[in-house]
Amino acid sequence: MSHDPQAIQQWLDDHHITEVECLIPDMTGLARGKIVPRHKYNPAEGLRLPEAVLSMTVTGDFPEQDFTSVADPDMRLIPDAGSIRPVPWAKEPTAQIIHDCVNFDGSDADLAPRNVLKRILKLYEQEGLSAIVAPEMEFYLVEVEPDEDIPLRPPVGRTKRTEAGMQSFSIDAVNEYDDIFDVMYDWCEAQGLQLDTLIHEMGTAQMEINLDHGDPLALADQVFLFKRTVREVAIRNNMYATFMAKPMQGQPGSAMHIHQSVVDGNGRNIFSQPDGSASDAFFHFIGGLQTYLPAAMPFFAPYVNSYRRLSRFTSAPINLSWGYDNRTCGLRVPHSGPEARRVENRLAGVDVNPYLALAASLACGYLGMQQRIKPSEPLTGSAYEQPHQLPRHLDDAIDMLLKCKPLADIFGEHFIQTYGAIKEAEYREFFDVISPWERRFLLLHV
């Protein structure tokens with residue numbers, strides 16, 4: 001992937017493009033940017049956007065303290081030629097290009113999530129290593145409901161009924177939404193999104209899509225674009241697709257499990273020794289995850305809602321026990337041959353910014369390998385019987401992140417302070433809201 005204006009111009013010509021969507025992923029993982037007529041788009045120059053866009057909360061507000069210049073300056077957006085794709089749902093021939101955020105002196109903007117992931121990947125590169133990841137994304141289809149005070153409901157499928165009970169791995173339950181998934185696969189193929197498998201998860205109208213393993217930056221781009229695509233498909237079928245971590249009471253939460261391995265310059269998996277047994281690097285990677293994931297929680301559970309998913313006996317982790325093919329653990333090692341030995345991080349909700357979640361998981365594993373941290377013994381029983389080891393609320397998680405110097409050293413102090421302030425602002429805004437539960441049980445009873 002590179003800045004190659006000539007290749008971009010050629011692609012735009014070959015596809016008769018009339019409009020260009022110039023995208024950057026913001027701190028929440030949503031697309032920000034500008035839509036530009038083709039004849040006014042110069043890929044050699046890119047375009048400009050206020051730097052403050054990178055310090056916005058999910059509600060569009062800002063932290064009380066300024067983490068960008070008080071002058072509210074611009075930054076440059078430089079197109080990544082490897083990220084250019086068509087917009088399959090557009091009426092006119094339209095391109096979407098992910099841009100990198102760059103300061104006017106040519107340096108990377110340190111608040112841009114895509115640059116944060118690149119920063120972590122460079123640490124691996126300096127050791128002659130490359131990380132390999134494969135994300136698994138769970139999401140719900142729900143009925144359209146404009147009134148946010150009304151709880152979400154499952155949608156009606158082609159049989160004109162809602163699902164009855166839990167339909168884990170049901171083929172027929174997936175086929176209820178054939179119209180959505182047929183278009184989804186077509187649109188993903190048009191964008192070069194490498195979908196692996198589609199399954200029905202435990203929840204009512206809850207689905208899971210797995211992506212093929214590969215380079216973390218490419219996979220983060222694909223998650224970013226996949227979410228956008230599925231939302232568009234769903235709304236055109238009079239449904240919502242939601243990536244909230246816990247959208248419905250009494251239903252399982254939605255995760256983004258991350259499978260991770262590390263290869264050397266020859267493509268050899270360093271988690272395995274030549275005789276096929278597990279290497280020290282494998283155990284140290286797990287040890288790093290166990291040590292640093294609690295402090296990195298705001299990247300894996302970024303909103304108040306995220307913590308509703310992380311509760312005992314709900315197929316979501318409450319601690320960082322690890323085990324072989326043990327789904328109750330926060331860290332699972334699936335059965336595989338030596339060349340495919342990997343660690344599955346089950347902590348992240350699907351509400352994460354994919355760039356930051358992948359960066360944080362790989363950063364924790366990297367610290368473990370650098371510091372040669374030994375993990376606990378693998379667990380053979382149920383991790384749900386073990387104590388909680390993770391922050392239970394967003395405000396506790398923010399405190400832990402802001403106190404963790406090794407993560408600040410890797411991510412950059414400015415980025416960590418900014419991200420923490422954004423999350424604190426979101427938590428304060430949430431705390432101002434009085435919930436229906438409080439009105440129901442406290443109004444007349446206390």
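The values are calculated or read from the model by the stated rules, or taken from the named source; none is laboratory data. From a predicted model like this one, the values you see are computed outputs, not experimental measurements. Heads up, the Cβs are rebuilt from the backbone with ideal geometry, glycines too, and the neighbour counts pull from every protein chain shown. Areas reflect the complete protein model, heavy atoms only, side chains present, ligands, DNA and RNA absent. Shrake-Rupley method; radii C 1.70, N 1.55, O 1.52, S 1.80 Å.
A few points about this structure:
- Ordering of 110-119, 124-133 by packing [mean C-beta count within 10 Å, highest first]: 110-119, 124-133
- A simple rule links phi to the HN-Hα coupling: the Karplus curve 6.51 cos²θ - 1.76 cosθ + 1.60 with θ = phi - 60°, which for region 111-123 gives 8, 6, x, 5, 5, 4, 5, 4, 4, 5, 5, 5, 4 Hz, with x for Gly and Pro.
- Dipole of region 1-144 [Lys/Arg +1, Asp/Glu -1 at C-beta], most positive-end residue of 41, 113, 141: 41
- Neighbour-limited loop hits for trypsin sites (Lys or Arg not before Pro), region 277-378 (at most 15 other Cβ within 10 Å; DSSP other than H, G, I, E, B): 312, 327, 372
- Cα gyration tensor of region 204-254 - equivalent ellipsoid semi-axes, whole Å, descending: 22, 15, 9
- A 1.4 Å probe run over the protein chains yields, for region 334-446, 52 Å² of accessible area per residue, whole-number rounding.
- Evaluated at q = 0.09, 0.12, 0.13, 0.16 Å⁻¹: base-10 log I(q)/I(0), Debye formula over Cα of region 318-446: -0.38, -0.64, -0.73, -1.00
- Whether region 249-320 is rounded, prolate or oblate, judged on the alpha carbon gyration tensor where a/c under 1.5 counts as rounded: prolate
- Shown here: the chain, whose C-alpha atoms stretch 61, 56, 46 Å along the first, second and third principal axes, sorted largest to smallest.
- Under the Karplus curve 6.51 cos²θ - 1.76 cosθ + 1.60, θ = phi - 60°, whole-Hz ³J(HN,Hα) for region 269-286, x wherever Gly or Pro sits: 5, 6, 6, 10, 8, x, 7, x, 7, 5, 8, 4, 4, 4, 5, 5, 4, 4
- Per residue, the solvent-accessible area of region 107-263 (1.4 Å probe, heavy atoms of protein chains only, all protein chains present) comes to 43 Å².
- Calculated SAXS-style log₁₀ I(q)/I(0) at q = 0.12, 0.18, 0.19, 0.22 Å⁻¹ - region 329-387, Debye, Cα scatterers: -0.38, -0.86, -0.95, -1.17
- Förster-model FRET efficiency, 41 Å R0, residue 2 and residue 160, C-beta, rounded to 0.05: 0.20
- Close amide-amide hydrogen proximity is noted between residue 328 and 383, each under 5 Å apart and 5 or more residues distant or on a separate chain (H modeled in the peptide plane; Pro and chain starts excluded).
- Rounded if a/c under 1.5, otherwise prolate or oblate - region 146-270, Cα gyration tensor axes: prolate
- Remark: region 233-239, residue by residue, has Karplus-estimated 3J(HN,Hα) of 4, 5, 5, 6, 10, 6, 9 Hz, where x stands for each Gly or Pro and the curve is 6.51 cos²θ - 1.76 cosθ + 1.60 at θ = phi - 60°.
- Computed over region 84-228, Kirkwood Rh from alpha-carbon pairs, angstrom: 18.0 Å
- At 0.692 mPa s and 37 °C, Stokes D of region 267-364 from Kirkwood alpha-carbon radius, µm² per second: 232 µm²/s
- Full extension of the chain segment joining residue 413 with residue 153 gains 89.4 nm, where the gain is 0.36 nm per residue of separation less the Cα-Cα distance.
- Length gained on full extension, residue 90 to residue 280, computed as 0.36 nm times the residue gap minus the Cα-Cα distance: 63.4 nm.
- Taken over region 11-58, the alpha-carbon convex hull comes to 84 cubic angstrom per residue.
- On the beta carbon distance between residue 34 and residue 123, with R0 = 35 Å, the FRET formula returns roughly 0.60.
- The candidates 256, 400, arranged from most to least accessible area with a 1.4 Å probe in the full protein assembly, appear as 400, 256.
- Taking each residue as 0.36 nm, the span from residue 392 to residue 339 lengthens on full extension beyond its C-alpha to C-alpha distance by 15.5 nm.
- Ratio of Rg to Rh over region 61-103 (Cα coordinates, Kirkwood Rh, two decimals): 1.18
- Where N is the number of residues in region 380-446, Cα Rg divided by 2.2 N^0.38 Å: 1.60
- Computed Kirkwood radius, in angstrom, where 1/r is averaged over Cα pairs of region 4-131: 15.9 Å
- What a 1.4 Å probe finds exposed on the chain is 50% carbon and sulfur by accessible area, rounded to a whole percent.
- Summed over qualifying helices (DSSP H, 4 residues or more, each -39500 (n - 2.57)) and divided by its residue number, the chain shows a 222 nm mean residue ellipticity of -10000 deg cm²/dmol.
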